[in-house]
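Peer 1: Just passing along the structure, written as structure tokens.
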Amino acid sequence: MATIYHVARRSGVSTATVSRVMKGGTGFSAATRERVLAAAGELAWVPSGSARGLASRRTGIVGLIFPDLDNTDEPGQDSPLYFDQIIRGAERAATAMGDAVLIAGSRCATGRDLVFSVASKVDGLVVLAGSLSKRDLDQIGRSVPVVLLADRAAHRGMDGVAADNRGGARAITSHLIVGHGYRELAFVGGVQRAPDSMERFAGFRDALKEAGLSIPEAPAALGGFTESGGELAMHEILRAPRPPEAVVFANDQMAIGALSTLRRARIPVPAQMAIAGFDDIAAARHVRPALTTVRQPMRDLGEQAVRLLFERVAEPDGARRAVLLSTEVVLRRSCGCGARVRAGATS
């Protein structure tokens, strides 16, 4: 089987020149290009990913690191639907550049070793917030470019992409207060210390402060970003001496689980309790009542993160960037609105 070395020897050039020719690069004459292509054709050689990367020292692979890739619906596990949308966006951006995506979870028994192994095989990493410790991020960041996903907090100058979680949560909470007159509201978070959940709770608190309402120090419950977790969280809320008039959930899956609990308890939504979520997953449109929520661009998060990573690979010393994507309130029946209405975007 022919290799890049055979092509280089037959055409009388270096392997790096062969790689540049096959990638459509520059730095060689037209005659050299024709000679290399002719040699490759005669030898029936097709460049491998590693051969294509010789000139640029690139592998043609980007890595995605998540906290967990477990598809079970146990409380405390992050949402696989959220991961899926991010992966789809990342793959779209990588495919457009001719690259592949290597995906790894960091919470299994050998998770840390797996992440460091992936880092040695890729051109850079997109790391979802909470996947790695700051120490590990620092160590990996010294060897490959890293883009942080879903975390607005800058980490030692790393690039980052996030949705406007705080603005979206503030907007949906303000709608419940101003648009419907709810005065007793509760917030259900996802996983403790998860950046997305913390930002959304901060936006919830912002809206309460603007309205002059009492501001809680912590979420009323945590639901682990899953439907079953949302069911349990709603059970906890219903045990309170005075349940709230409206509940804002840190994602749609928990809100959908809560609707199941309320249905079994024969508590009408929104007549007795209004519900709102975050994400705008497909199921939010189909549950009954249809779920009022905040649409965040999940696929765009993955796509923008990979694009930013490519920019960093091309310009290692360029200024660090933080990209904030807008969110949009989508009003449906679960909050008391009579029909689906878009309430405008946040920035």
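Peer 1: Which residues, counting only those in the stretch 190-213, are free of Cβ contacts under 8 Å to residues at least 12 places away in the same chain and aliphatic (A, V, I, L, M)?
Peer 2: The answer is 198, and nothing else.
Peer 1: Hey, any hits in the stretch 261-276 for a residue that's under 24 Å from residue 95 (Cα atoms) and out of contact with any Ser or Thr (no Cβ under 7 Å at 6 or more places or on another chain)?
Peer 2: No: zero hits.
Peer 1: Are any residues in the stretch 217-241 β-branched (Val, Ile, Thr) and not in a helix (DSSP H, G or I), and if so, which ones?
Peer 2: Scanning the stretch 217-241 gives a single hit, 226.
Peer 1: Can you find even one residue in the stretch 291-301 that is surrounded by fewer than 18 Cβ atoms within 10 Å (Cβ to Cβ), touching a helix residue (DSSP H, G or I) at 6+ places or on another chain (Cβ under 9 Å) and free of Cβ contacts under 8 Å to residues at least 60 places away in the same chain?
Peer 2: Within the stretch 291-301, not a single residue is surrounded by fewer than 18 Cβ atoms within 10 Å (Cβ to Cβ), touching a helix residue (DSSP H, G or I) at 6+ places or on another chain (Cβ under 9 Å) and free of Cβ contacts under 8 Å to residues at least 60 places away in the same chain.
Peer 1: Whether any residue in the stretch 260-274 is in contact (Cβ under 8 Å) with a residue 12 or more places away in the chain and in contact with a Lys or Arg (Cβ under 6 Å, 6 or more places away or on another chain) is what I want to check.
Peer 2: no
Peer 1: Let me ask you something else. Given the criterion touching a strand residue (DSSP E or B) at 6+ places or on another chain (Cβ under 7 Å), at pLDDT 95 or above and not basic (Lys, Arg), identify the matching residue among 218, 258, 202, 265.
Peer 2: 258
Peer 1: Just checking, which of 170, 200, 183 is in a loop (DSSP other than H, G, I, E, B) and of a type in the set (D, E, K, R)?
Peer 2: Exactly one of 170, 200, 183 is in a loop (DSSP other than H, G, I, E, B) and of a type in the set (D, E, K, R), namely 183.
Peer 1: Just checking, does the stretch 179-189 include any residue being under 17 Å from residue 335 (Cα atoms), assigned by TED's automatic domain parsing to the domain that holds residue 274 and without any contact (Cβ under 8 Å) to a residue 40 or more places away in the chain?
Peer 2: Yes, the stretch 179-189 has at least one match.
Peer 1: Right, another one. Any residue at all in the stretch 231-252 that is closer than 30 Å to residue 103 by Cα, touching a helix residue (DSSP H, G or I) at 6+ places or on another chain (Cβ under 8 Å), modelled with pLDDT under 95 and surrounded by 23 or more Cβ atoms within 10 Å (Cβ to Cβ)?
Peer 2: no
Peer 1: Residue by residue through the stretch 101-131, note down the ones that are farther than 20 Å from residue 86 by Cα, part of a loop (DSSP other than H, G, I, E, B) and at pLDDT below 85.
Peer 2: 108, 109, 110, 120 - these are the residues of the stretch 101-131 that are farther than 20 Å from residue 86 by Cα, part of a loop (DSSP other than H, G, I, E, B) and at pLDDT below 85.
Peer 1: Tell me the residue from 293, 261 that is of a type in the set (Ser, Thr, Tyr) and in a helix (DSSP H, G or I), please.
Peer 2: Testing whether each residue is of a type in the set (Ser, Thr, Tyr) and in a helix (DSSP H, G or I) leaves just 261.
The values are calculated or read from the model by the stated rules, or taken from the named source; none is laboratory data. Values in this document were obtained by computation on a predicted structure and should not be read as measured data. Cβ: placed from backbone, ideal geometry, glycine included. Neighbour counts: every protein chain shown.
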